[in-house]
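The values are calculated or read from the model by the stated rules, or taken from the named source; none is laboratory data. Everything numeric in this text was worked out from a predicted model, so none of it was measured. Note that we place each Cβ from the backbone using ideal geometry, even for glycine, and neighbour counts take in every protein chain shown. When the accessible area is computed, the model is the full protein with side chains, heavy atoms only, and any ligands, DNA or RNA have been set aside. Shrake-Rupley method; radii C 1.70, N 1.55, O 1.52, S 1.80 Å.
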Amino acid sequence: MASQAKIETNPFLEGIYAPVAEELSVESLPVTGILPAELDGLYVRIGPNPATPPDPRFYHWFAGDGMVHGVRLQAGKALWYRNRFVRSNRVSAALGEAAAPGPRDARSDTVNTNIIGHAGKLLALVEAGGFPVELDSLLGTVAHSNLDGTLQLGGFSAHPHRDPDSGELHAICYNGGNRAFIRHVVVGTDGRVRRELPIPVTDGPMIHDCALTARFVIILDLPVTFSLPAARAGVGFPYCWNKDHPARVGLLPREGCADDVIWCDVDPAQVFHPCNAHDLPDGRVVIDVAAHDRIFDNEHPTGPEGSVVTFERWTCDPATRRVERRVIDTTPQEFPRCDERLTGKPYRYAYTVTMTDGPAGSPAGVIRHDLETGGRTMHVFDAGRVPGEFVFVPRTADAAEDDGWLMGYVVDPHADATDLVLLDARDLAAPASASVALPQRVPLGFHGNWIATA
């Protein structure tokens, strides 16, 4: 009986992950503290939220229908909260609506992983072959998009990175339907693809994210790969730990070809999220990452459970083609972010959030790492409250690296509620600068950004 109960439950459909059913539009949200008057824009986050109850035996957190949650801030007020499903064909059918326009990947059109502003558009993103989805300013689905027909060899990525100097987006993209190559894709400031370079790989690796330096795009070809047994078993996201797949980091010259990639061997680990990277004067390359020792280590994964994850600095040496790993912090933590004005450049501060499956009794909060001194500061939330990803928002365009706010959703499972919380990045241990009470709980999950009003 116990084994049957285990089969029929799924941790990513319960508690702080449980989906919400209603699409709400609520104005004039209550605020505790003082919202900075300088903030004029939209904090928006996306994550999985099944529109209809899935079979818990086969549901994978990464494959749930996408739902966007946004809060509009202006003149020291929280003007509104909205949440909307991203209209895939499955969601539109569940809601009794006509399908949204635009091209689709033949395998899946679910988009649930990240949301960015680029070239005047709000784009919801996913990996593994799906196309971006353009949203309007009120979070409604406009259309699925192959970027004006310029994304020709497959879908996009969940994690493009903007070069702060050129304004272009760089991404490493993979496609579950074509596992023989990945692609370096560059999207110009006009929102159109200007470069789409195929790079041969083996085993169909899952490459969730990448990183930039002044010279290189960094490719994380690590031991989570496509699993045919998992696909045949009906797993929603059929990628598993593959002990036979060599772990390596690729250094692709920004305008180089596939043969120019410098592959550097690394001890096996899986990285979903790098924080930032930069070149060293001696030619080596530094990348700071949240490193999982093993993950998806069975044929029926439901999500990223059971790994040991540490915040690490990886130093890639093109001469020896090896990667040196150094642990910065052993506290279980993920979702590393930095001041993105310094993407690809030397930087000092990294921000992470503690993992919900850390040691029993460990505090939940946001950590600021001083990468120059090795020091760290932590904002600890009240017992039981769980933070999602926090993003750094500079006070002004030319403010110092740490002069700004950290912003993100915090879930209170006891009250079944969520707040948008602002922290002072320079005084992280202090009480929150402001907190906006949302009209419903936001399920824990995935990524978002601050989209400043132009």
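Odds and ends about this structure:
- Size check on region 51-95: the Cα extents along the three principal axes, sorted descending, read 46, 20, 13 Å.
- Largest accessible area first, the residues K77, K121 order themselves as K77, K121 under a 1.4 Å probe with ligands, DNA and RNA left out.
- When nucleic acids and ligands are ignored and a 1.4 Å probe is applied, W314 ends up with an accessible area of around 0 Å².
- Solvent-accessible surface (1.4 Å probe) assigned to V308 amounts to roughly 90 Å².
- The alpha-carbon atoms of region 193-270, seen along their principal axes, cover 42, 32, 19 angstrom, with the largest extent given first.
- Solvent-free Debye calculation, one equal scatterer per alpha-carbon of region 149-203: log10 I(q)/I(0) at 0.15, 0.21, 0.25, 0.30 Å⁻¹ equals -0.40, -0.73, -0.97, -1.25.
- Cross-link reach is defined here as a Cα-Cα straight distance under 13 Å, omitting same-chain residues fewer than 8 places apart; for K345 the aspartates and glutamates meeting it are D163, D165, D279, D288, E401.
- Taking all protein chains as shown and a probe of 1.4 angstrom, M355 keeps an accessible surface of around 40 Å².
- Largest to smallest accessible area among T189, T213, T52 [probe 1.4 Å]: T189, T52, T213
- Percent of C-alpha pairs per 5 Å bin, region 245-354, short to long: 2, 11, 20, 22, 20, 14, 8, 3, 0
- Surface share of carbon and sulfur [accessible, 1.4 angstrom probe, percent] for the chain: 51 percent
- Tail weight of P(r) past 16 Å, computed on alpha-carbon pairs of region 381-445, percent: 46 percent
- Computed over region 94-232: relative contact order in percent, which uses C-alpha pairs under 8 Å that are six or more apart: 17 percent
- Each Cα pair of region 309-357 feeds into the Kirkwood radius, which the Stokes-Einstein equation turns, at 10 °C and 1.306 mPa s, into a diffusion coefficient of 127 µm²/s.
- Space enclosed by the convex hull of the alpha-carbon atoms of region 315-407, per residue, Å³: 119 Å³
- Mean ellipticity per residue at 222 nm, deg cm²/dmol - from DSSP H runs of n ≥ 4 across the chain, formula -39500 (n - 2.57): -1000 deg cm²/dmol
- Relative contact order (%) - criterion: Cα under 8 Å, at least six apart; region: region 353-454: 21 percent
- Within region 1-113, all pairs of alpha-carbon atoms sorted by distance into 10 Å bins from zero give the percentages 13, 34, 28, 18, 6, 1.
- A viscosity of 1.567 mPa s and a temperature of 4 °C, combined with the Kirkwood radius over Cα pairs in Stokes-Einstein, give a translational diffusion coefficient for the chain of 58 µm²/s.
- Cα shape, region 368-418, gyration tensor, a/c 1.5 rule: oblate
- The Rg/Rh ratio of region 74-153, with Rg taken over Cα atoms and Rh as the Kirkwood radius over Cα pairs, comes to 1.00.
- Bridging of K77 to aspartates and glutamates at a Cα separation below 18 Å is possible for E27, E38, D40, D419, D424, once same-chain residues fewer than 8 apart are set aside.
- Protein-only accessible surface order, largest first, of S88, S28 at 1.4 Å: S28, S88
- What the chain shows is 39 Å² of accessible area per residue, with the surface traced by a 1.4 Å probe over protein heavy atoms.
- The packing ranking, built from the mean of other Cβ atoms within 10 Å per residue, places the peptides 253-261, 441-449 in the order 441-449, 253-261, highest first.
- Amide H contacts of A211 (H built 1.01 Å from N, under 5 Å, at least 5 apart or other chain): I218
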